[in-house]
Structure formats: C-alpha cells, structure tokens
Amino acid sequence: MRRPDLLILIAIWQFLNALFCAIGIAAIALFAFPKAGPADIGTIFGLSIAIFFLLAFIGLSIAGGIGLLMGKNWGRIISIVNAALNLLNIPIGTIIGVLVLIYLTKSEVRDYFEGNR
C-alpha cells in the first residue's frame with residue numbers, strides 16, 4: 001500500500017516539536033538556572049520538573065516521527081498522543097493538533113498502518 005501523502009509533513013512537525021522543546025531546555029539552562037541561587041530551592045526544583053517534561057516530550061516527538069516514517073502503527077498512536085498534547089499550545093498548536101488528529105484517524109491512513117505490521 002502506498003504511503004499517505006501528509007505523513008512526511010506530520011513527521012516533520014514531530015521533529016520540529018522536538019527542536020522547539022530543545023530550544024526551551026537551552027533557554028531554561030542559560031537564563032533561568034544561573035539566576036536561581038542556592039536559596040531558591042523551589043525555583044530550581046520547578047525548573048528541573050519543567051526540563052524533565054520537555055525531555056519526555058522530545059522523546060515522544062522523535063519516537064512518533066520515526067514511527068510515522070517507518071509506517072508503524074505505534075508511531076501513529078504516539079503521534080495522536082502528541083497531537084492531543086499540542087492542543088494546549090494555543091493558537092498554532094491547537095490548529096495543527098486538530099488537523100493531525102483528524103488526518104491520523106481517517107480510515108485510509110489507519111488502514112495503511114494496520115497493513116504494515
């Protein structure tokens with residue numbers, strides 16, 4: 001079965017999500033951590049939690065993009081989860097997240113991934 005047209009574009013969006021999160025981690029490391037002194041344990045803890053979630057989102061995005069390019073159903077499921085999380089990124093992430101959710105749940109796209117097991 002032929003690969004659906006927009007899967008490469010969605011995979012690129014996944015990789016861009018990972019890049020944006022990496023930029024966020026770099027910004028936290030360069031600007032926020034140096035300003036937090038030893039007495040700001042709450043700030044350091046909160047920033048560490050933010051970095052943890054950004055790293056998890058990077059892993060989710062990269063795994064979803066690779067899974068889509070390989071034609072694996074787990075990549076489609078991870079990309080659906082990633083698109084659902086992107087709904088919180090108002091307004092651009094919401095628009096793209098809705099479009100990705102609609103596209104990845106279409107029957108012909110689902111059939112493509114189920115045929116590549």
- Message: Using a 7 Å offset from the Cα along the Cα-to-Cβ direction at both Ala29 and Leu99, what is the distance between the two label points in nm, to one decimal?
- Response: 3.2 nm
- Using a simple spin-label model with points 7 Å from Cα along the Cα→Cβ vector, what separation in nm is obtained for Ile44 and Ile92? 3.4 nm
- Task: Select from the chain the helices, each a whole stretch of DSSP H, whose alpha-carbon atoms run 27 Å or more along the helix axis and whose Kyte-Doolittle mean is at least 0.5; answer none if there are none.
- Result: 7-27, 41-70
- Item | Signed unit charges on C-beta, dipole axis of the chain, positive-most listed residue Leu85, Pro4, Gly97 | Pro4
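Coordinate-derived values only; no laboratory data. From a predicted model like this one, the values you see are computed outputs, not experimental measurements. Ideal geometry is used to build each Cβ from the backbone, glycine not excepted, and the neighbour counts take in all protein chains shown.
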